[in-house]
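The values are calculated or read from the model by the stated rules, or taken from the named source; none is laboratory data. Model, not experiment: these values are computed from the prediction. With ideal geometry, Cβ positions are generated from the backbone for all residues, glycine too; neighbour counts draw on all protein chains shown. Ligands, DNA and RNA are stripped out before the accessible areas are found, and what is left, the full protein with its side chains, is counted by its heavy atoms. Shrake-Rupley method; radii C 1.70, N 1.55, O 1.52, S 1.80 Å.
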Amino acid sequence: MSTPAEQRRKDPVDAIVEQWAQVRPDLDTAGMEVFGRVYRLARAMGDRMERAYARYGVSRGEFDVLATLRRSGEPYTLSPRQLSGALMLTTGGMTGRLDKLERAGLLRRSPDPHDRRGLQVTLTDEGLRLIDQAVGAGFAEQAAALSALDGERAAQLADLLRDLLFATERQG
């Protein structure tokens, strides 16, 4: 009779772990079992999110700019520096995204009334409409993927990942 663990479906990470067990049985592969799956999951979901946002004519990076403005609350305005900091982008990388989104009519740049040298970036009405639709599509993709777990297991996974993230960021 097999155990519940043996009855589980095998995934590509299992195959890699089994290969390492054959050639290097001295290695502790517990980390690979977790982080290999986290990496593969992040890539797969990233691809799904990219496709969801593409239906609205924006890339994931452009979505991130629009979503950051939307989350900032009315009047949906931030400085380019605030956006760069929130998204961990260089100012050069941010400029390219802002240029494209401004050309598409999804945001506008204007002088900062409190700083003669500064700019403000604000969602347009069209940008607000688009981001509200795109974020709904993105959350729907995430909910569909998460439906593989019941609510209690999903909450447990979120808690475990939070703990691991805190520990990993403190060590790094």
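Restricting attention to the range 80-104, which residues are open to solvent by less than 30 Å² (accessible area, probe 1.4 Å) and either closer than 18 Å to D132 by Cβ or of a type outside the set (A, V, I, L, M, F, W, C) (or both)?
Taking the range 80-104 and keeping what is open to solvent by less than 30 Å² (accessible area, probe 1.4 Å), we get 83-84, 94, 98, 101.
Once the filter is applied, which keeps residues that are open to solvent by less than 30 Å² (accessible area, probe 1.4 Å) and either closer than 18 Å to D132 by Cβ or of a type outside the set (A, V, I, L, M, F, W, C) (or both), the range 80-104 yields S84, L101.
Taking helices (runs of 4 or more DSSP H) that do not extend beyond the range 80-172, which have at least 3 residues that are of a type in the set (A, V, I, L, M, F, W, C) and farther than 23 Å from Y56 by Cα? So that I can check it myself, show each step before the final result.
On the way: elements: 80-87, 91-103, 125-146, 151-171.
Passing ranges, in order: 151-171.
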I want to confirm something. Restricting to the range 61-79 and keeping residues that are at negative phi and either touching a Gly at 6+ places or on another chain (Cβ under 7 Å) or not in a helix (DSSP H, G or I) (or both), which single residue is modelled with the lowest pLDDT? S79
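Quick check on the range 136-158. Is at least one of its residues touching a Phe, Trp or Tyr at 6+ places or on another chain (Cβ under 8 Å), of a type outside the set (D, E, K, R) and under 30 Å from T77 (Cβ atoms)?
If we filter the range 136-158 for residues that are touching a Phe, Trp or Tyr at 6+ places or on another chain (Cβ under 8 Å), which is where we start, we get 137-138.
Add one more test, that the residue is of a type outside the set (D, E, K, R), and what stays is 137-138.
Imposing the further condition that a residue be under 30 Å from T77 (Cβ atoms) reduces the set to 137-138.
So far as the range 136-158 goes, yes, one or more of its residues are touching a Phe, Trp or Tyr at 6+ places or on another chain (Cβ under 8 Å), of a type outside the set (D, E, K, R) and under 30 Å from T77 (Cβ atoms).
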